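Participant: Mind having a look at this structure? Questions to follow.
The values are calculated or read from the model by the stated rules, or taken from the named source; none is laboratory data. What you see is a predicted model; the values in this text were computed from it and never measured. Every residue, glycine among them, receives a Cβ derived from its backbone with ideal geometry; neighbour counts consider all protein chains shown. Protein only, heavy atoms only, side chains kept; ligands, DNA and RNA dropped before computing areas. Shrake-Rupley method; radii C 1.70, N 1.55, O 1.52, S 1.80 Å.
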Amino acid sequence: QINTGVTLCGNAQRVLYAGSGFKTYSWSTGDTTPQITVNTPALYTVNAIDGDGCIAYDTFTVTASQMPVITLGRNLFICNSQSITLGENGIYSKYLWSTGSTNRSIVVYNPGTYWLMVTDSNNCTGADTTTVVQRNCATDFFMPTSFTPNGDRMNDIFKPLLFIAGLAKYRFVIYNRLGAKI
């Protein structure tokens with residue numbers, strides 16, 4: 001019997017098993033046990049002899065593959081009532097998100113820690129984790145209620161803070177307590 005397609009992912013080890021019920025085993029590595037642990041790509045062979053003297057032969061072709069390297073990004077931010085799409089640019093056989101989704105990407109509406117584990121065509125896996133932080137992003141304008149023009153560069157200027165997309169200009173007028181324009 002010939003086994004093919006045993007893949008080592010990154011620096012992993014694999015156990016090669018010749019089966020049970022044999023009296024003696026002789027591996028190409030010199031081992032004499034029913035199974036060996038390998039961490040090097042190579043062609044491994046085993047001869048096994050049962051109690052009647054019958055010989056069984058097997059071959060294991062072990063290849064190496066790099067682990068998938070994925071990057072979700074670090075310290076991602078979302079604003080109030082907004083979302084962000086998390087995903088990986090590579091194409092893999094399987095995807096598994098911390099949310100349980102098996103899609104290539106997910107849409108995130110809430111802050112938190114999210115991870116993705118991918119499996120490639122060699123059955124090697126890679127993973128990454130990211131944290132999504134919510135920011136209180138202004139979506140219109142903020143008007144301070146006071147200012148302190150003392151030269152310390154903090155609240156020295158009295159003006160509205162505008163966060164309105166597409167706003168080209170505005171008019172800002174100040175009136176005193178009696179309703180007169182200043």
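Participant: Go through the range 84-106 and count every residue that is crowded, with 16+ Cβ neighbours inside 10 Å and touching an Asp or Glu at 6+ places or on another chain (Cβ under 7 Å).
Facilitator: Count: 1.
Participant: Moving on to the next point. Exactly one of (1) part of a strand (DSSP E or B); (2) touching a residue at least 60 places away in the same chain (Cβ under 8 Å) is unmet by N123. Its number?
Facilitator: Of the numbered conditions (1) part of a strand (DSSP E or B); (2) touching a residue at least 60 places away in the same chain (Cβ under 8 Å), the odd one out for N123 is (1).
Participant: Right, another one. What is the number of the single condition among (1) in contact with a Phe, Trp or Tyr (Cβ under 9 Å, 6 or more places away or on another chain); (2) open to solvent by 60 Å² or more (accessible area, probe 1.4 Å); (3) on the phi < 0 side of the Ramachandran plot that S81 does not meet?
Facilitator: (3)
Participant: Go through the range 4-55 and report how many residues are polar (S, T, N, Q), open to solvent by 30 Å² or more (accessible area, probe 1.4 Å) and under 28 Å from C124 (Cβ atoms). If you could, list the steps in order and put the result at the bottom.
Facilitator: Residues of the range 4-55 that are polar (S, T, N, Q), as a first pass: 4, 7, 11, 13, 20, 24, 26, 28-29, 32-33, 35, 37, 39-40, 45, 47.
Those left that are additionally open to solvent by 30 Å² or more (accessible area, probe 1.4 Å): 4, 11, 13, 20, 24, 26, 28-29, 32-33, 35, 37, 39-40, 45, 47.
This time we only want the ones that are under 28 Å from C124 (Cβ atoms), so: 4, 11, 13, 28-29, 33, 35, 37, 39-40, 45.
The total comes to 11.
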